[in-house]
Protein chains: 2
Amino acid sequence: MDSIQVGDFKFRLDLSKPLYEQVLQHIRQTIARGDVLLGTKLPSVRDLAHQLKLNPNTVMRAYQELDRYHLTETRRGQGTFITSDSETVELVKKALAREAVIAFVSSMKNLGIDRSTTESLLKEVAWHE
Amino acid sequence: MDSIQVGDFKFRLDLSKPLYEQVLQHIRQTIARGDVLLGTKLPSVRDLAHQLKLNPNTVMRAYQELDRYHLTETRRGQGTFITSDSETVELVKKALAREAVIAFVSSMKNLGIDRSTTESLLKEVAWHE
DNA sequence: TAAGTGTTACATTTGATATAATACACTTAA
DNA sequence: TTAAGTGTATTATATCAAATGTAACACTTA
């Protein structure tokens, strides 16, 4: 387990994708899953960068992206906080789910696999909740 | 419609992903869907490169990847041909489908969405076969 | 032999990513 | 008032994958 816990957030980074994107996704998932209280303060840019051994600019980029989703609110001089609006979280969660579903259906259609076959395949996959 | 037809193959390229990967995927899909006869000759590297306005090396990379899947067989001096072994095509198709399903389930789990909710979402998506 | 194939090998360019270092702006608490 | 802790911005640099440009080589077929 080469994952790093920083405050309420857990990170496991690799080289498969841009680092700023992975940081963004980890935090976004933590929020969407409800694994952290709304209103919680994120680690400071410098702190997270130091603990993940990343450049502050890289973390900044992830945080700004979160702000753009309105999943966080940044208060200059204070820090970046998870939104307290549960509705926003729910909307983002639904949007991400919808994106995933659409991308998935698209892949299956591209392969020429029909709906019922897709549903069968889905049933074959273990789903440890 | 900014897609380009070259022989039996249709391509629509953008900047979202590496070009060689898009070329690979288009051809792979065409084969997997059964939209082209087994044994068919692919456009020559130079020809496809010219028509798609790509560098021959970029097309080469896609073709070599296809060979690695055994979806094509390359005969030096003759060209690159789609395999005549339908079983190979079927195996690759299943492998790709499986990958897609696993990736999808993983996304949904990361969002904290359970199986039945996922199945419901899937039903909401239009599926023009 | 010539034309059409795939193949290989460079050098080069480009763009995204990431780092490094520094300075600035704001908030909070000592 | 000050110091420490926040986010923010800027500029330069480094790195890597992707893509291009160019050229040559090897093989097959007509």
Gap in Å between the Cα centre of the range A:1-16 and the Cα centre of the range B:1-65?
38
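Would the protein assembly as shown count as rounded, prolate or oblate if I go by the C-alpha gyration tensor, calling it rounded below 1.5 in a/c and otherwise prolate when a/b exceeds b/c, oblate otherwise? Numbers along the way, then the final one.
Working: a/c = 2.59, a/b = 1.78, b/c = 1.45.
Prolate, since a/c reaches 1.5 and a/b exceeds b/c.
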Looking at the square roots a ≥ b ≥ c of the eigenvalues of the Cα gyration tensor of the range B:11-105, which shape do they give, rounded for a/c under 1.5, prolate if a/b is larger than b/c, or oblate?
oblate
For the rotation taking chain B to chain A, which residue of B has the Cβ nearest the axis, and how many Å away is it?
B:F104, 2
Taking the dipole about the Cα centre of the protein assembly as shown, with the C-beta of Lys and Arg at +1 and of Asp and Glu at -1, give me whichever of A:G34, B:I4, B:H128 is farthest to the positive side.
B:I4
In peptide A:23-33, how many Cβ atoms from other protein chains are near each Cβ within 10 Å, on average?
2
Quick one: if you stick a label point 7 Å off each Cα along the C-beta vector at A:M1 and A:L37, how many nm between them?
2.4
Rounded, prolate or oblate: pick one for the range A:62-103, where a ≥ b ≥ c are the square roots of the eigenvalues of its C-alpha gyration tensor, a/c under 1.5 means rounded, and failing that, prolate if a/b is larger than b/c, else oblate.
oblate
Just to confirm the numbers: A:D85, label point 7 angstrom along the Cα-Cβ line, distances to the other copies in nm, shortest first?
5.7
Run lengths n ≥ 4 of DSSP H only: what is the helix-derived mean residue ellipticity at 222 nm for chain B, with -39500 (n - 2.57) per run over all residues, to the nearest 500?
-17500 deg cm²/dmol
Assign unit charges at the C-beta atoms only (+1 for Lys and Arg, -1 for Asp and Glu), then state the dipole size of the range B:71-112 relative to its Cα centre in Debye, rounded to the nearest 20.
140
Using a 10 Å cut-off on Cβ to Cβ distances, tally the other chain neighbours for every residue of B:105-117 and report the average as a whole number.
6
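Values in this text are rule-based calculations from the coordinates and carry no lab data. Small disclaimer: the values here were computed from a predicted structure and weren't measured. In this analysis, Cβ positions are derived from the backbone assuming ideal geometry, glycine residues included, and neighbour counts consider all displayed protein chains.
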